[in-house]
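As structure tokens, the structure follows; a few thoughts come after it.
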Amino acid sequence: MMAASIRLLAWRIVRDASRNINSSVSGRIVSSSCPSNLSACRCFSDGTEDKSTHFGFETVPEGEKAERVYKVFESVAQKYDVMNDAMSLGVHRLWKDMLLHVMNPQPGIRLLDVAGGTGDISFRFLDYVRSQQERVARRTARANQTPSWQEISTSYTTPTEGIETETEARESRAVVCDINKEMLKVGKQKAESMGISSGLSWVVGDAEELPFDDDQFDVYTIAFGIRNVTHIDLALQEAVRVLKPGGRFMCLEFSKVTNPLLSRLYDAYSFQMIPVLGEVIAGDWKSYQYLVESIRKFPDQETFKRMIEDAGLFSVRYHNLTGGVVALHSGFKL
């Protein structure tokens with residue numbers, strides 16, 4: 001009888017050990033296969049458990065959020081820029097200018113502007129680089145006002161084709177990538193009206209699965225877009241993937257106000273005024289109610305900083321703008 005009990009106990013130990021081994025092996029297989037096929041992993045996860053996420057203050061299935069966010073921006077696309085000015089009293093322009101000032105792009109830089117929508121960041125980028133080039137040209141012209149005979153001789157012997165090739169090689173390019181076709185359509189119309197044609201591309205793409213090869217861009221920007229992504233961690237991983245070694249990640253996003261008095265005023269303005277402005281200007285109360293709520297669901301500055309570091313970026317830091325109403329996060333790929 002005792003021998004049988006011992007055999008039963010031994011059998012249970014072996015069975016439990018076998019289950020643990022199988023569980024750990026299957027877990028490694030799932031996690032190792034995810035990077036090579038993100039969409040497949042998402043489908044597998046969705047099929048095994050019903051995950052939920054937030055859409056503003058509302059809890060929704062993960063698969064539903066992307067569609068609802070798409071409809072929000074499809075609805076507001078035509079009035080998006082006007083509403084930005086109205087909601088921020090024009091201050092959003094200063095925030096975006098600060099992004100470019102901190103970036104300080106030089107000629108030859110290749111920018112990916114994710115969730116770039118109507119092109120505000122890319123337009124500023126191209127204008128900034130053009131200003132840099134003109135500044136260098138003016139310095140060169142002043143320095144060559146009284147050239148030496150050696151410089152004159154060199155200018156005659158250097159083929160013009162080489163100069164043109166060097167200029168072309170240092171041309172900066174911006175790629176605006178957005179999942180929403182209506183936002184891109186508005187952006188293209190703006191570019192045409194501004195006379196911007198060269199150095200700019202428009203691509204329909206998902207921040208969680210970017211349609212670009214590895215190590216393609218010098219700078220990745222996402223302004224007021226990452227809080228609308230369903231899986232922020234996947235968007236950050238994609239940013240790291242497409243950046244060149246030494247490339248820079250920059251995110252401009254609404255964050256947590258640090259001053260208590262300003263926080264109360266900001267909350268009152270956000271919830272009582274912004275949806276009303278959305279209804280009056282864009283004829284869409286609900287979309288702007290969502291935008292206000294989505295800001296409150298986004299991680300605070302320190303939490304988001306850790307998320308960026310977890311994605312594999314280094315030297316991550318942030319600057320609070322307007323008392324933390326907006327934060328500019330930055331990090332580098334090594």
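Data for the structure
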read-out: Count of residues meeting criterion [part of a helix (DSSP H, G or I) and crowded, with 20+ Cβ neighbours inside 10 Å] in the stretch 170-185; value: 2
read-out: Residues of the stretch 284-319 that turn out to be free of Cβ contacts under 8 Å to residues at least 60 places away in the same chain, of a type in the set (Val, Ile, Thr) and under 12 Å from Leu236 (Cβ atoms), as a count; value: 1
read-out: Leading residue by the ranking (surrounded by the fewest Cβ atoms within 10 Å (Cβ to Cβ)) among those in the stretch 207-242 that are in contact with a strand residue (DSSP E or B) (Cβ under 9 Å, 6 or more places away or on another chain) and part of a strand (DSSP E or B); value: Asp218
read-out: Test: residue in the stretch 156-169 that is open to solvent by less than 70 Å² (accessible area, probe 1.4 Å), at pLDDT 65 or above and farther than 26 Å from Glu208 by Cβ; value: no
read-out: Residues within the stretch 299-316 that are within 22 Å of Leu262 (Cβ to Cβ), open to solvent by 30 Å² or more (accessible area, probe 1.4 Å) and either touching a His at 6+ places or on another chain (Cβ under 9 Å) or not in a loop (DSSP other than H, G, I, E, B) (or both), tallied; value: 3
read-out: Count of residues meeting criterion [closer than 28 Å to Val82 by Cα and among the acidic types (Asp, Glu)] in the stretch 276-334; value: 4
read-out: Qualifying positions in the stretch 318-334 - out of contact with any strand residue (DSSP E or B) (no Cβ under 6 Å at 6 or more places or on another chain) and either surrounded by fewer than 19 Cβ atoms within 10 Å (Cβ to Cβ) or on the phi > 0 side of the Ramachandran plot (or both); value: Leu321, Thr322, Gly323, Gly324
read-out: Only one of Gln237, Gln216, Gln189 that is at negative phi and without any contact (Cβ under 8 Å) to a residue 12 or more places away in the chain; value: Gln189
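The values are calculated or read from the model by the stated rules, or taken from the named source; none is laboratory data. What you are looking at is a predicted structure, and each value in this text was computed from that prediction instead of being measured. In this analysis, Cβ positions are derived from the backbone assuming ideal geometry, glycine residues included, and neighbour counts consider all displayed protein chains. All accessible areas refer to the heavy atoms of the entire protein, side chains included, with ligands and DNA or RNA removed. Shrake-Rupley method; radii C 1.70, N 1.55, O 1.52, S 1.80 Å.
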